[in-house]
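Let me begin by presenting the structure, written as structure tokens, before commenting on it.
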Amino acid sequence: MDRSSFLRKLLFVDAASEAQRVVRGLPPKGGRSDYAAVAHKVPFTFLRPPGAWLEPVFLARCTRCDLCLQACPPAIIIRAGHPLMGEGTPILDITIAPCDECGKCIDACPEEALSRNEDRRMGRAVIHDDTCLFAAGESCNRCVEVCPEPGALALSSDHRVSVDWNNCTGCAICYAACPTSPKSIHIEGRPPLPLRAHPPVPKPRSR
């Protein structure tokens, strides 16, 4: 298994399974339940800006300087409000607009919490067949038409929109284009870390 596949498995499968226990109010496999009382208030997953390291590294580097927020042209980067997400750290609000992956947030980050050397995939699209118009036999294919990543979304012969998670970056352009209400697409990001307490905010490195 190459590095990219390993990180994707760790981020979206193994960690998500543990986070789901936390969100449901169950103790983690190690037996600690200190955080279970507040975990049900946390969304199951959330989106970091492109180029964010995995959570332990990201939280150790991000100084909550807000420079990435200020650099984002569509202003979709906001501050996380819950400790399990890293209170005050940047997350994406795709209900404002999708991410065009311009990279300005990465360039603005002085601590390399966001890096062009890290996987730029923020999450992955998940299709809900029960409300999807294409799955219902209609001619809608807006999500596939607007997707900027070749091969990430495709129409299958069994009237489903399929997602190639190796190509999908979680940019949410398909989410914005989906005409149904509620949306027939959601973007699954990374799960919250089940921490006993918020890690200390690192100090900016001297230059």
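FYI, it's all coordinate maths here, none of it is from the lab. Model, not experiment: these values are computed from the prediction. Heads up, the Cβs are rebuilt from the backbone with ideal geometry, glycines too, and the neighbour counts pull from every protein chain shown.
Straightening the chain between Trp165 and His128 buys 11.8 nm, computed as 0.36 nm per residue apart minus the Cα-Cα spacing. For Ala80, the residues whose amide H sits under 5 Å from its own are Gly88, Thr89, Ile91, ignoring neighbours fewer than 5 places away on the same chain, with H placed 1.01 Å from N. In this structure the amide hydrogen of Phe46, modeled in the peptide plane, comes within under 5 Å of the amide hydrogens of Gly189, Arg190, none closer than 5 places in sequence on its chain. For Cys72, no residue whose modelled amide H falls within less than 5 Å of its own remains once neighbours fewer than 5 places apart on the same chain are excluded. Going from the residue with the fewest nearby Cβ atoms within 10 Å to the one with the most, His186, His159 rank His159, His186. Cβ-Cβ distance of Val146 and Arg116, R₀ of 41 Å, FRET efficiency by 1/(1 + (r/R0)^6): the value works out to about 0.95. Neighbour counts of other Cβ atoms within 10 Å put Thr45, Thr180 in the fewest-to-most order Thr180, Thr45.
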